[in-house]
């Protein structure tokens, strides 16, 4: 099994299940497309990450985004930007959306789930 993700948390979650897996960090273009909604964006990124990994077994990929005031927030540029983003989200309603793609050589399943915080 391959985890197509750079996320330490995703590694930790998969390891907690006692499954053998390897990690491959795919490089994809994470640019938001015009008129692309949060769920479609997260699902596309997860699917592109899974497809970027050349593996014959099971591949799991995911991407999480944050939406505030109908705006998809990008990844912070640095630690200062991350702190500013956290300050703006603190006490304010926002949605966290995770897209997931699980695939093998014959089938691919893509879905997303959002949580309002």
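The values are calculated or read from the model by the stated rules, or taken from the named source; none is laboratory data. Please read these numbers as outputs of a predicted model, since none were measured by experiment. Cβ placement follows ideal geometry from the backbone for every residue including glycine, while neighbour counts extend to all protein chains displayed.
Among the conditions (1) loosely packed, with under 13 Cβ neighbours inside 10 Å; (2) touching a strand residue (DSSP E or B) at 6+ places or on another chain (Cβ under 8 Å); (3) within 25 Å of residue 19 (Cα to Cα); (4) at pLDDT below 95, the only one that residue 53 does not satisfy is (1). Summed over segment 12-40, residues that are in contact with a strand residue (DSSP E or B) (Cβ under 7 Å, 6 or more places away or on another chain), more than 20 Å from residue 82 (Cβ to Cβ) and in a helix (DSSP H, G or I) total 2. Please go through segment 56-85 and pick out each residue that is in contact with a strand residue (DSSP E or B) (Cβ under 7 Å, 6 or more places away or on another chain), farther than 12 Å from residue 112 by Cβ and free of Cβ contacts under 8 Å to residues at least 40 places away in the same chain. Scanning segment 56-85 gives 66, 73, 85.
In segment 30-51, the condition of being in contact with a helix residue (DSSP H, G or I) (Cβ under 7 Å, 6 or more places away or on another chain) and under 22 Å from residue 2 (Cα atoms) is met by at least one residue.
Within segment 76-94, the residues that satisfy the criterion of being closer than 18 Å to residue 30 by Cβ and either surrounded by 12 or more Cβ atoms within 10 Å (Cβ to Cβ) or in contact with a helix residue (DSSP H, G or I) (Cβ under 9 Å, 6 or more places away or on another chain) (or both) are 76, 81, 82, 85. Among the residues of segment 65-116, those that are in a loop (DSSP other than H, G, I, E, B) and under 20 Å from residue 41 (Cβ atoms) comprise 69, 70, 74, 75, 76, 77, 93, 94.
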